[in-house]
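Take a look at the structure below.
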Amino acid sequence: YICIFCGKKADTVEHLLPQSRWPELARDWENTAAACFRCNNRKGSKTVEEAHMTLLFEPYTPKGVRRRAL
């Protein structure tokens, strides 16, 4: 897995729209992405735009899984 922000090895799951602000979106695949600890920590509880970060690719639902994350 690679970080959606910097392309390095990812070791966390990032909520693109913060879970604290949009709890109803917390389990959607399109709202989660792999991220490295440093980028995840830098973004914090901000949106991608508020944190002045960009995505290397668009998040997507993996094939063969349900729409909602476990």
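Tabulated data
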{"quantity": "Heavy-atom accessible surface of the chain: percent carbon and sulfur, 1.4 Å", "calculated": "56"}
{"quantity": "Whole-Hz ³J(HN,Hα) from phi, Karplus 6.51 cos²θ - 1.76 cosθ + 1.60, for region 52-63, glycine and proline x", "calculated": "6, 10, 10, 8, 6, 7, 7, x, 8, 7, x, 5"}
{"quantity": "The chain, helix-only ellipticity at 222 nm - DSSP H runs n ≥ 4, -39,500 (n - 2.57), divided by all residues, nearest 500", "calculated": "-2500 deg cm²/dmol"}
{"quantity": "The chain - accessible surface per residue (Å², probe 1.4 Å)", "calculated": "73"}
{"quantity": "Anchor Lys43: lysines whose Cα lies under 23 Å away (excluding residues fewer than 8 positions away in-chain)", "calculated": "Lys8, Lys9"}
{"quantity": "Translational D in µm²/s for the chain (Stokes-Einstein at 37 °C, 0.692 mPa s, Kirkwood Rh from C-alpha pairs)", "calculated": "270"}
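The values are calculated or read from the model by the stated rules, or taken from the named source; none is laboratory data. Bear in mind the structure is a predicted one, so any value in this text is a computation, not a measurement. Heavy atoms of the whole protein, side chains included, go into the accessibility calculation; ligands, DNA and RNA do not. Shrake-Rupley method; radii C 1.70, N 1.55, O 1.52, S 1.80 Å.
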